[in-house]
1. Put +1 on the Cβ of every Lys and Arg and -1 on every Asp and Glu Cβ in region 10-123; which of Ser72, Leu12, Val53 then has its Cα farthest towards the positive end of the dipole?
2. Work out the length of the dipole vector of region 22-78 about its Cα centre, built from +1 on the beta-carbon of each Lys and Arg and -1 on the beta-carbon of each Asp and Glu, and round it to the nearest 20 debye.
3. Measure off 7 Å from each Cα along the Cα-to-Cβ vector at Gln189 and Arg158, then give the distance between these two points in nanometres to one decimal.
4. Net charge near Leu202, counting Lys/Arg +1 and Asp/Glu -1 over other residues with Cβ under 12 Å of its Cβ?
5. Full-extension gain between Tyr87 and Arg4, please, as 0.36 nm times their residue separation minus the C-alpha to C-alpha distance.
6. Just to check I understand the Karplus step: with θ = phi - 60° and J = 6.51 cos²θ - 1.76 cosθ + 1.60, what whole-Hz values come out for region 101-109, glycine and proline as x?
7. Taking the convex hull of the alpha carbon atoms in region 41-135, what volume per residue do you get, in Å³?
8. Quick check: residue separation of Leu12 and Asp135 times 0.36 nm, minus the Cα distance between them. What number comes out in nm?
Amino acid sequence: MKNRVDFAISKLKPGPAAATTAPLTRPSEPRRLRLRCARDQAHLVVAWPGLGVHDPRAATLDLLIELLSGQSGRLFLELREAEGLAYAVSAESIEGVVGGLITCSMASDPARLDEAERRLLQTVGRVAAGDIGVDAVERARAAVLGAVEAELQTAGARASEAAFAERYGLDGAEYRPLLHRVGTVTHAQVVALAAECLGTPLVVGRLAPR
């Protein structure tokens, strides 16, 4: 493994790395991936374009993800609690240097996988269309603020946040005003970001039993 790493590093050119952002072209239809496995459950993952680490709307994205995920989120309440389509369901964001991904995933009965996919896309589609209540944004805000306060209680957690920020070219003290930024995000900003990001998915992936 060390030899492989040394060989890869030897090919790198000297000087600072410069990441460039290519224009995002949305597909007219999502790319579909189907994998088979020896499991009893089926798993579905849908991905949309997200935000990069330098995007100033990070706090807005945090609220949007919380609105979708968690036990009070739209996916859990509609797909699991109301319709019993999911054993588990979640949403998350992955931020990269030149862009990111928003993913929604669920585990379901293989016999109901088509229905589960259809309903997940319908649920996210309504969020993208602006079906987001002010009260839902406030619940998401309270959840995010509580989670951030809990996560940053230790010096180690704060040091980790500062180190990752510096590594990605951000201010190492950036975590400090995070609570303030989350507190100032408006309902209109969440609606606008949902409309921008949660249109046509980039990828729909399925993992189902053989």
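The values are calculated or read from the model by the stated rules, or taken from the named source; none is laboratory data. Keep in mind that what you see is a predicted model, and the values were worked out from it rather than measured. Methodologically, a virtual Cβ is constructed for each residue, glycine included, from the backbone with ideal geometry; neighbour enumeration extends over all protein chains shown. To get the accessible areas, we keep the full protein, side chains included, count just its heavy atoms, and leave off ligands, DNA and RNA. Shrake-Rupley method; radii C 1.70, N 1.55, O 1.52, S 1.80 Å.
1. Sorting the options by dipole projection puts first Leu12.
2. Computed about the Cα centre, the dipole is about 380 debye.
3. 2.4 nm
4. Local charge sum for Leu202: +2.
5. 25.8 nm
6. Each residue's phi maps through the Karplus curve to give 9, 10, 10, 10, 9, 7, 9, 9, 5 Hz.
7. 93 Å³
8. Extra length available between Leu12 and Asp135 comes to 39.2 nm.
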